[in-house]
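First comes the structure, then the notes that go with it.
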Amino acid sequence: MSTKFLERQNGRIAYDDAGNGPLVLCAPSMGDVRAEYRFLTPHLVNAGYRMVTMDLRGLGESSTEWSDFSVAGVGSDMVALLRHLNAGPAVIVGTSMAAGAAVWAAAEAPELVSRLVLIGPFVRGESSTTNRLLYSLLFAKPWGAAAWLKYYGSLYPTQKPADYTAYAAALRSNLGEPGRFAALQAMLVASKAASEARLSQVKAPALVLMGTKDPDFKAPETEARWVAAQLRADYRMIEDAGHYPHAEMPDVVAPPLLAFLKGMPVAVSEEAVYAA
């Protein structure tokens with residue numbers, strides 16, 4: 001596929017467009033690129049969906065000249081891209097920080113969003129001064145990219161994709177391009193408050209997917225249950241998966257995701273969660 005671009009006032013967003021049918025817009029985790037969805041895309045395209053995968057601002061093939069790398073900024077890119085595509089209400093799939101951006105987008109433009117799928121979602125919390133200092137030390141030049149890739153590898157606790165070595169090398173190369181690692185650093189310390197504040201405003205049906213071994217959360221199921229409750233949604237735990245269950249175990253993730261998109265009940269590890 002040839003890369004397409006959405007031109008915005010302060011830069012441009014790169015995306016791929018594959019398949020035909022109801023639109024599914026996918027956004028990767030910070031520090032990753034749209035190819036994060038390379039294993040999930042065939043499942044959805046073969047099931048009759050149009051898959052659009054976007055790079056976050058500053059990363060992949062998107063431009064770097066942005067002043068805002070928050071969930072609100074990325075969420076505004078999602079809204080702008082959906083309006084540009086003009087394909088009716090769409091499903092948004094977001095991983096990690098992009099899940100928070102998806103929440104922001106769904107609350108900002110409910111007429112554009114039919115469903116939400118939040119994978120390993122970071123949707124709440126301020127970045128403390130301590131955390132900002134820690135990130136600045138851990139991921140400072142000249143060792144920043146290497147440190148990030150070491151951390152990135154830990155997000156696949158059970159099995160890495162067959163192409164992981166080449167994929168990680170490509171990620172490191174991308175982060176080595178001017179402005180890209182600075183964009184990642186800005187995302188790391190950005191507040192998630194804008195998504196947390198909008199959780200109660202989301203009207204679209206949602207599904208939370210979380211790996212039982214996601215190392216980004218002290219208690220992954222507790223976090224999944226909390227996010228699902230705020231959204232009056234269901235959640236599904238993916239046994240032994242880490243922060244990227246859709247890349248680590250795509251054949252396990254695809255069936256419940258497709259069932260949710262078709263409006264069918266999704267089996268969860270416990271009774272489905274609904275907020276009062």
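The values are calculated or read from the model by the stated rules, or taken from the named source; none is laboratory data. From a predicted model like this one, the values you see are computed outputs, not experimental measurements. Here Cβ is always computed from backbone atoms with ideal geometry, including for glycine, and neighbour counts include all displayed protein chains.
Checking each residue in the stretch 49-83 for being surrounded by 24 or more Cβ atoms within 10 Å (Cβ to Cβ), farther than 21 Å from P110 by Cα and among the polar types (S, T, N, Q) picks out only S62.
Which residue, of R12, R38, is under 23 Å from G176 (Cβ atoms), at pLDDT 95 or above and touching a strand residue (DSSP E or B) at 6+ places or on another chain (Cβ under 7 Å)? Break it down into steps so the answer makes sense when it comes.
Numbers: R38 fails: touching a strand residue (DSSP E or B) at 6+ places or on another chain (Cβ under 7 Å).
Among R12, R38, only R12 is under 23 Å from G176 (Cβ atoms), at pLDDT 95 or above and touching a strand residue (DSSP E or B) at 6+ places or on another chain (Cβ under 7 Å).
Considering only residues of the stretch 194-216 that are part of a strand (DSSP E or B) and touching a Pro at 6+ places or on another chain (Cβ under 9 Å), which is farthest from L261 (Cα to Cα)?
Residues of the stretch 194-216 that are part of a strand (DSSP E or B), as a first pass: 206-211.
Retained after the next criterion (residues that are touching a Pro at 6+ places or on another chain (Cβ under 9 Å)): 207-211.
On the way: L207: 9, V208: 13, L209: 13, M210: 17, G211: 20 Å.
Restricting to residues being part of a strand (DSSP E or B) and touching a Pro at 6+ places or on another chain (Cβ under 9 Å), the top hit is G211.
Only residues that are surrounded by fewer than 22 Cβ atoms within 10 Å (Cβ to Cβ) and on the phi > 0 side of the Ramachandran plot were counted in the stretch 12-48, giving 3. Evaluate the following for K218: is it touching a helix residue (DSSP H, G or I) at 6+ places or on another chain (Cβ under 9 Å), surrounded by fewer than 24 Cβ atoms within 10 Å (Cβ to Cβ) and not aliphatic (A, V, I, L, M)? No; evaluated as a whole, the condition is false for this residue.
Please go through (1) in contact with an Asp or Glu (Cβ under 9 Å, 6 or more places away or on another chain); (2) farther than 18 Å from D251 by Cα; (3) not acidic (D, E) for L23 and return the number of the only condition it doesn't satisfy. Checking L23 against (1) in contact with an Asp or Glu (Cβ under 9 Å, 6 or more places away or on another chain); (2) farther than 18 Å from D251 by Cα; (3) not acidic (D, E), the one that fails is (1).
Reported count of residues in the stretch 140-190, each being under 25 Å from P245 (Cβ atoms), touching a residue at least 24 places away in the same chain (Cβ under 8 Å) and basic (K, R), is 2.
The set of residues in the stretch 2-53 being of a type in the set (S, T, Y) and under 15 Å from the mean Cα position of the chain (by Cα) consists of Y15, S29, Y37, T41, T53.
Looking only at the stretch 38-88, residues that are in contact with a helix residue (DSSP H, G or I) (Cβ under 7 Å, 6 or more places away or on another chain), part of a helix (DSSP H, G or I) and under 22 Å from A166 (Cβ atoms) come to 2 in all. Remark: A183 falls outside the filter, which requires a residue to be within 19 Å of R115 (Cα to Cα), modelled with pLDDT of 90 or more and assigned to a helix (DSSP H, G or I). Each residue in the stretch 14-36 was checked for being free of Cβ contacts under 8 Å to residues at least 60 places away in the same chain and aliphatic (A, V, I, L, M), and 2 pass.
Note on the stretch 227-249: residues that are under 18 Å from the mean Cα position of the chain (by Cα) and in a helix (DSSP H, G or I) total 7. Buried (at least 22 other Cβ atoms within 10 Å of the Cβ) and in contact (Cβ under 8 Å) with a residue 40 or more places away in the chain: is that true of G88 in this structure? Answer is no for this residue.
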